[in-house]
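Engineer: Dropping the structure in here first, questions after.
The values are calculated or read from the model by the stated rules, or taken from the named source; none is laboratory data. These numbers come from a predicted model, not from an experiment. Counting neighbours? That spans all protein chains shown, and the Cβs are built from the backbone with ideal geometry, glycine included.
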Amino acid sequence: MEKLFERCTELSDGEEFVFSDGRTDSGIMLIGEAPGENEVKLKKPFVGKAGKNLDEFISILGIEREDIYITNAVKIRPHKLSLKTGKRINRSPSKAEVDRFRELVVEEIKMVTPKIIVTLGNTPLKQLLQREVRIGDMHGTLMELELGGRIYSLFPLYHPASIIYNRDLRQIYIDDLARLREIIHRLGI
Ligand code: URA
């Protein structure tokens with residue numbers, strides 16, 4: 001873990017970063033997109049608005065947040081400067097940023113060896129599969145992911161933030177969570 005933290009520091013190249021949170025021996029690993037302002041301030045993933053939705057989702061699964069390993073595909077905060085205020089505003093991570101942190105995310109997976117990996121939104125899914133995929137086509141489907149000779153279960157979900165912006169997704173998200181809850185039970189997590 002310490003080694004991975006050191007590697008994260010190197011890859012962040014002087015930028016503020018957020019590493020991970022939760023149990024490294026967890027059966028379930030959640031991978032989000034990238035930290036935002038609040039996460040960087042508190043040095044913890046998913047503590048802002050998206051974090052509130054995530055907490056709700058975790059409670060639907062009937063597990064405790066502390067029992068999950070939570071990380072992000074990109075560990076720095078992708079941002080640009082607002083022309084109006086001059087302040088930092090979030091932007092989507094670039095392909096270069098997603099590629100830069102891939103090796104670290106793969107090392108995290110190998111360290112945690114979760115029974116199931118749950119990706120949130122497009123970014124971590126593309127990062128792991130290394131191809132152009134759309135969450136709209138793959139959400140709620142249990143897949144297999146091969147990494148370093150080992151097969152992992154992968155379950156893509158929409159990003160919790162997308163529910164904030166698109167209320168129509170809410171029922172789809174709840175249905176996906178019901179499926180995930182069943183899988184978690186089956187895996188004995
Ligand atoms: N969104 C993410 O994907 N990750 C965070 O840590 C916070 C918001």
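Engineer: Report, ordered by the first and then the second residue, all pairs with beta carbons closer than 9 Å, sequence separation of six or more or different chains, a first member in region 24-53 that is without any contact (Cβ under 8 Å) to a residue 12 or more places away in the chain, and a second member that is near the ligand (Cβ under 10 Å from one of its atoms) and among the β-branched types (V, I, T).
Structural biologist: The qualifying pairs are K41/V47; L42/V18.
Engineer: Out of the residues in region 3-23 that are surrounded by 18 or more Cβ atoms within 10 Å (Cβ to Cβ) and either hydroxyl-bearing (S, T, Y) or under 19 Å from E66 (Cβ atoms) (or both), which is nearest to the ligand (Cβ to nearest atom)?
Structural biologist: V18
Engineer: While we're on this one: For region 48-72, how many residues meet the condition of being small (G, A, S) and assigned to a helix (DSSP H, G or I)?
Structural biologist: Residues meeting the conditions: 3.
Engineer: Go through region 112-143 and give me each residue that's surrounded by fewer than 16 Cβ atoms within 10 Å (Cβ to Cβ) and not in a loop (DSSP other than H, G, I, E, B).
Structural biologist: L129, G136, D137, M143
Engineer: List the number of the failed condition for P93; all other conditions in (1) assigned to a loop (DSSP other than H, G, I, E, B); (2) out of contact with any Gly (no Cβ under 8 Å at 6 or more places or on another chain); (3) away from the ligand (no atom under 14 Å from the Cβ); (4) within 26 Å of G148 (Cβ to Cβ) hold.
Structural biologist: P93 satisfies all of (1) assigned to a loop (DSSP other than H, G, I, E, B); (2) out of contact with any Gly (no Cβ under 8 Å at 6 or more places or on another chain); (3) away from the ligand (no atom under 14 Å from the Cβ); (4) within 26 Å of G148 (Cβ to Cβ) except (3).
Engineer: Something else: Hey, could you check region 57-90 for residues that are touching a residue at least 60 places away in the same chain (Cβ under 8 Å) and farther than 17 Å from G36 by Cβ and say which is farthest from the ligand (Cβ to nearest atom)?
Structural biologist: G62
Engineer: Could you please let me know if R102 is under 18 Å from K126 (Cβ atoms) and either out of contact with any Asp or Glu (no Cβ under 6 Å at 6 or more places or on another chain) or in contact (Cβ under 8 Å) with a residue 24 or more places away in the chain (or both)?
Structural biologist: Criteria met by R102.
Engineer: Return yes or no: is S26 closer than 25 Å to Y152 by Cα, assigned to a loop (DSSP other than H, G, I, E, B) and more than 16 Å from the ligand (Cβ to nearest atom)?
Structural biologist: The answer is yes for S26.
Engineer: Here's something else I'd like to know. Yes or no: E97 over 26 Å from R7 (Cβ atoms), charged (D, E, K, R) and modelled with pLDDT of 95 or more?
Structural biologist: Judged against the criteria, E97 is not a match.
Engineer: Then there is this: Given the criterion within 18 Å of P156 (Cα to Cα), within 14 Å of the chain's Cα centre (by Cα) and at pLDDT 95 or above, identify the matching residue among I76, I31, I58.
Structural biologist: The match here is I31.
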